[in-house]
Structures are given as structure tokens and as C-alpha cells.
Amino acid sequence: MAVTVGTFNLNNLFDRWNFDGAVEALAKGSKEIPATYEFASESERRLRLDSRGKLILAKKPEDTARVAERLLAADVDVWIVQEVEHADALKEFNRDHLAGAYRHLMVIDGNDSARFIDVGILSRRPLGGVTSWQRTFHPDDPSGPIFSRDLIEVEILDARGRRQLTVFGTHLKSKFVPFDDPDPVAADRRNDLLRTRQADMIARIVAARTNSRQRYLVCGDMNDTPDSAPLQPIASAGLINALAEPIEIGTVKTTVDLPASPAWTSTYKESGKPRTFDLIDQIWLSPALASKLTGAFIGRRRKLSRDGTDHDPAWVSFDL
């Protein structure tokens, strides 16, 4: 039986109106505290500010449509998606933009109190148990949950309700440091440390929940490269990087020199520095599942800067 599984960062799939107005006048008090304002309307939409006092807006309609187009073009059975506001946003996206292509979907509110972005599931295959590991603490940091968003564990079933494989999906701490941070070097170190501990906790959880004979994968927006120091706990856990030599689907229209290797899902150009092309959206396979791999793919963007989202979807196919 052929099965495809992928990961795609949808980039701020929020469910709200684009309000204009004096946001600062509404957000009285500390901008470190999110503010929510309820409006009486037929759709019960909300205006919300993030932890920096910035108004959270819905995606532009053309961007949402393009993300949906890219997702449908891949024709994947099971997606782990990142940057979804909540279950209603994903349901609306599936209904209005994917024509209800995915019967089984779920979002569990995670730990992100700054941008309110969660990890979700879109699946044409039946789902079994879905577990959130968002309340897990790392032993080196008992001050709070280690996952700034979430780690979800999902059982993918066949038509008879038998488990075909298990998917662990996540979205790790980003490298973003505000331009006005008083000590950007220290902030960067804190980000790396948190990402390292998150990767370590993923490796611990996977080891405790699986065995060498099981078919499972770990995927998501890792916000770092497979060979980076913070991701070594995952890379050293006996898993196989499924996207080491992916097949590109589609072509970027650009005059910029692209890397020889197609193993990248994100690109960034910092002022005064060369453009980077990184594989931050990853899929790692258990040995038992790697033996069933029939293909690995990255859906290439049309425009280099962004194409509905600043990530490219990645997916793998199996013969189970």
C-alpha cells in the first residue's frame, strides 16, 4: 500500500479580519501581555495582539490560495503543518481552500503565547491516538515546558483501523532575534540552547515510545540544518535523513544562482552576507520505515523570496 507523508509550514494561517485602527490605543498596559478583543458578529472573529504589541492579521487571500494550491499539487496523504492558529482556522482552510480534501484533521493548542501558532494534522488516512507532549519538562530546565510550541505523536491507520506508522511532528525554536535586542549574541545562544534541549527531548520521547522494529518518522520545521549542533540529538538517534537527496517538483524562476544540492526548503538573505539555502523542514525515518521508502520530494516555490509561504513543502512516499 502506497502512503505519502509530508511537512509544510503554512506561515501564519490565522483566522481573523484585517482591522485598521490605532492598535496602541487599544493595547493599554504592558505590550508583553497579549490582548484579545471580542467583536459581536456572525463569524465571531477576534482582534489579537502578539507579545510585542503587533496586530495579528489574517494571511492575504492570494497567499492563502497559493499555499492551498501548493499543498494540493503535492497530493500527500498526511501532512504535519506548522503555524496554524487553531483548529477552526485549519477547518476553514480545508473547507474553503482545499475543497474538504482532508477528512481527518486536528490542532491542539500549544505553548506559543507570543504568536499563537500551533502544529496541526491534515490526513486522508484515519487517525488513531494523537498525543501532545507540550507539557514535557527537560531535566536540565524544570522552570517550564521545553517545547515552545509542541511535539505531537500521531498514529496513522489503514482502512481496517490497523496502525501503519507513527508520525512525530514538531516546530522547534526559531533563530529569530529582535533587531532591538540589547544583547543579540546572548539571545542567539539562548535560542540554540532551547533548540538543543527540544531536540534532545524529542530523541528521549521517541526512544521511550518506540522500538527498532516500529515504522515511525519525525518531521517538522526544525529551524536549523540536519548537521547543526542543536539537532545532533536527533541526528545521532539512529534515524535516517529522508531528504538528503530529494527530487525537486517545480522550478524557481530567479536569476540567483541556486545551490547544486536540491536539499533546501528555506532561503534567507541577510544584508551584506551571501544568501543561504537551508533544509530546515525535515523528515527523519526509523530504520524499519526507511526500508519502505520509495521517494523523497520538495515542492519548489515559483518566487525565491516567498510563494504564499517562505517555506517549501517536503514529503516522502512509502510502500507499506
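Every read-out reported here was derived from the displayed coordinates using simple, explicitly stated rules and does not represent laboratory data. If you're wondering where the values come from, they're calculated on a predicted model, not measured in any experiment. Backbone-built Cβ (ideal geometry, glycine too); neighbour counts: all protein chains shown.
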### Task
Once every Cα of the stretch 169-232 carries one equal point scatterer and solvent is ignored, give the base-10 log of I(q)/I(0) from the Debye formula at q = 0.24, 0.26, 0.29 Å⁻¹, two decimals.
-1.04, -1.14, -1.27
### Query
How much mean residue ellipticity at 222 nm does the chain get from its helices, if each DSSP H run of length 4 or more adds -39500 (n - 2.57) and you divide by all residues, to the nearest 500 deg cm²/dmol?
-5500 deg cm²/dmol
### Query
Where does each of 149, 209, 135 land when they are ranked from fewest to most other beta-carbon atoms within 10 angstrom?
135, 209, 149
### Task
Can you check how the C-alpha radius of gyration of the chain compares to 2.2 N^0.38 Å, as a plain ratio?
0.99
### Message
Can you say what percent of the DSSP beta bridges in the chain, counting only those with both residues inside, are antiparallel? Round to 5.
### Response
75 percent
### Query
What are the DSSP H helices in the chain that stretch 18 Å or more along their long axis, judged by alpha-carbon atoms, and whose average Kyte-Doolittle hydropathy comes to at least -0.5?
61-74, 184-209
### Message
Taking only Cα atoms of the stretch 184-315, what ratio of Rg to Rh do you get with Rh as the Kirkwood inverse-distance radius?
### Response
1.00
### Summary
The size of the Cβ-based charge dipole (Lys, Arg +1; Asp, Glu -1) of the stretch 56-208 about the Cα centre, to the nearest 20 debye, is 540 debye
### Estimated FRET transfer efficiency when R0 is 41 angstrom, pair residue 320-residue 96 (beta carbons, to 0.05)
0.80
#### Entry: Lys, Arg +1 and Asp, Glu -1 on Cβ, resulting dipole of the stretch 92-159 about Cα centre, debye, nearest 20
280 debye
#### Entry: residue 302 versus residue 160: modelled label distance in nm, points set 7 Å from Cα along the beta carbon direction
4.5 nm
### Task
State the Cα centre-to-centre distance between the stretch 145-191 and the stretch 269-309 in whole Å.
16 Å
### Query
So, in the chain, how many Lys pairs have Cα atoms under 15 Å apart, if the pair is 8 or more places apart or on different chains?
5
### Message
What three numbers, in Å, describe the spread of the alpha carbons of the stretch 89-245 along their principal axes, ordered from the longest?
### Response
54, 40, 35
### Sites excluded, GluC sites (Glu not before Pro) in DSSP loops with at most 16 other C-beta within 10 Å, longest stretch of the chain
45-269
